[in-house]
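The values are calculated or read from the model by the stated rules, or taken from the named source; none is laboratory data. Quantities reported herein were computed from a predicted structural model and do not represent experimental measurements. Every residue, glycine as well, gets a Cβ built from its backbone with ideal geometry; the counts of neighbours run over all protein chains shown.
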Amino acid sequence: MEKHYFAHETAIIDAPCSIGEGTKIWHFSHIMEKCSIGKNCNIGQNVVISPEVVLGNNVKVQNNVSVYTGVLCEDDVFLGPSMVFTNVTNPRSAINRRGEYAATVVRKGATIGANATIVCGHELGAYCFIGAGAVVISDVPDYALYVGNPAKHKGWMSRYGHRLTFNNEGIALCPESQEQYKLENGKISFIGK
């Protein structure tokens, strides 16, 4: 059977796993059994994708990232260099907690910056933006900008990754795409152009 993805000769791919067409897996990365990687993903150098992880289409995983069991990333997610997922809330070396992995869900279009840490058991909303070095210990709403340690809500971001400024009517315009957003009752809705 012909493979429809690229894997560098130093990459290790355990069977069975599913890898979508057009995906690229780079140097010294390890794709473990029973994981699912969508189409047109880019898996950087020295990345580990653990068993049963699910990555949607067009997910970008930068160098030195470990995506542990319990993580699900929807389409178009960006995982910055050396960012970290956890999957156990109270790890101890002498206590086996393999059956206690907490799920982490990263919704469509979300960005997680370099060296950020995502503590397990949370949902990161669609198109949210987690700043470099942030430590996320709670759920993150759609389009929210979170920064710091612990990460706190500092604003809102467009689908194109620009900070949104809302007028008196609660409307903001993305400077790049000209798409409009509405802020109402602490939630963002996408209006369109």
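With respect to being in contact (Cβ under 8 Å) with a residue 24 or more places away in the chain, assigned by TED's automatic domain parsing to the domain that holds residue 65, farther than 21 Å from residue 70 by Cβ and not hydrophobic (A, V, I, L, M, F, W, C), residue 127 fits the description. Among the residues of the range 1-16, just one is in a loop (DSSP other than H, G, I, E, B), surrounded by 13 or more Cβ atoms within 10 Å (Cβ to Cβ) and of a type in the set (A, V, I, L, M), namely 11.
The set of residues in the range 147-193 being in contact with a strand residue (DSSP E or B) (Cβ under 6 Å, 6 or more places away or on another chain), under 13 Å from residue 128 (Cβ atoms) and crowded, with 17+ Cβ neighbours inside 10 Å consists of 147, 151, 156, 157, 164, 188.
Scan the range 17-31 for residues that are in a strand (DSSP E or B) and buried (at least 18 other Cβ atoms within 10 Å of the Cβ) and the total you get is 3.
Screening the candidates 103, 94 for the property of being of a type in the set (Gly, Ala, Ser), surrounded by fewer than 17 Cβ atoms within 10 Å (Cβ to Cβ) and within 19 Å of residue 140 (Cα to Cα) yields one hit, 103. Could you please let me know if residue 57 is in contact with a Cys (Cβ under 9 Å, 6 or more places away or on another chain), surrounded by 15 or more Cβ atoms within 10 Å (Cβ to Cβ), assigned by TED's automatic domain parsing to the domain that holds residue 130 and part of a loop (DSSP other than H, G, I, E, B)? Judged against the criteria, residue 57 is a match.
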